[in-house]
Amino acid sequence: MTSCHDHCNSNEQPSVSVEYRKVLWICLVANAVMFIVQMIASYAAHSVSLLANSADFLSDAANYGISLYVLNLSLRQKAKASLFKGISLGLVGLWVAFETLHHSLQPELPEPLIMTLISIVALVVNVGCAVLLYKYRGGDSNRESVWICSRNDAIGNIAVMIAAAGVFASNTKWPDILVAAILGWLAISGAIRIIKSAKKELNDAL
């Protein structure tokens, strides 16, 4: 049985919905392209922090796609989508943790120049997406999940640049490993927040 709250939130104002849909499409394409770019660069640079950041781009592209699908659906359906996205983001965080451990056992030293250049490009893309999404950050857990992912990515890009500087200064891989671990934690903590919000909305919609 759905509540009035569920029904009343089944549609957004048409103008807002159209604007938000355009923003989501722009962010989806930008994140899909950057996932490919960063994935290739992470292997070229032997950088696990770049790899972790590329996983975030993939997660965000999927996030935007799901958000487009549920844009005009009921609050309960949006909450279910947010729950799925939260679980997916948590799995990304666990995968990053595994890759971080794996890379810590490898002898290759990351390439700080590649890390820095790719992170600058990625930061520009993420800041652009975050600016576009900023005014839509409020509302249901679905919108909140989009904002959290975009915010985390911008933080991640800055962190990878710091890791690159650390690798260059210390001539060791440990700054890269440390930043990758932080990015994994960001993904997991963001997932927990999204899941809690989605569960609350599901309970409220009963």
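The values are calculated or read from the model by the stated rules, or taken from the named source; none is laboratory data. Quantities reported herein were computed from a predicted structural model and do not represent experimental measurements. All Cβ positions, glycine included, derive from the backbone under ideal geometry; neighbour counts span all protein chains shown. The accessibility values were calculated without ligands, DNA or RNA, using every heavy atom of the protein model including side chains. Shrake-Rupley method; radii C 1.70, N 1.55, O 1.52, S 1.80 Å.
A compact table of results
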{"quantity": "Segments 155-161, 197-203 sorted - mean Cβ within 10 Å per residue, highest first", "calculated": "155-161, 197-203"}
{"quantity": "Per residue solvent-accessible surface (Å²) - the chain, probe of 1.4 Å", "calculated": "49"}
{"quantity": "Label-reachable residues, the range 21-60, where backbone N falls under 19 Å from a point 7 Å from residue 102's Cα toward its Cβ", "calculated": "35-59"}
{"quantity": "Cα-based shape type of the range 18-117, given that a ≥ b ≥ c are square roots of the gyration tensor eigenvalues and the cut on a/c is 1.5", "calculated": "oblate"}
{"quantity": "Given charges at beta-carbon only (K, R positive; D, E negative), |dipole| of the range 96-206 in Debye", "calculated": "420"}
{"quantity": "Accessible area of the chain belonging to carbon and sulfur atoms, whole % at 1.4 Å probe", "calculated": "72"}
{"quantity": "C-alpha long axis of helix 48-70 to longest principal axis of the chain, angle in °", "calculated": "10"}
{"quantity": "Max mean-square fluctuation residue, GNM over the chain, Cα-Cα springs under 10 Å, options 105, 83, 75", "calculated": "105"}
{"quantity": "Relative contact order of the chain, defined on C-alpha pairs under 8 angstrom at six or more residues apart (%)", "calculated": "32"}
{"quantity": "Rounded tilt (10° steps) of 75-104 against the dominant C-alpha axis of the chain", "calculated": "10"}
{"quantity": "Prolate/oblate/rounded label for the range 78-119 (Cα gyration tensor, a/c 1.5)", "calculated": "oblate"}
{"quantity": "Helix 14-45 axis, angle to the chain major axis (alpha carbon atoms, nearest 10°)", "calculated": "20"}
{"quantity": "GNM result for the chain, Cα springs below 10 Å: residue of 38, 77, 106 fluctuating most strongly", "calculated": "106"}
{"quantity": "GNM flexibility winner over the chain from 196, 173, 135 (Cα, springs under 10 Å)", "calculated": "135"}
{"quantity": "Highest-first arrangement of 40-50, 119-129, where packing means the average Cβ count within 10 Å", "calculated": "40-50, 119-129"}
{"quantity": "Anisotropy class of the range 76-161 from Cα gyration tensor, a/c 1.5 cut", "calculated": "oblate"}
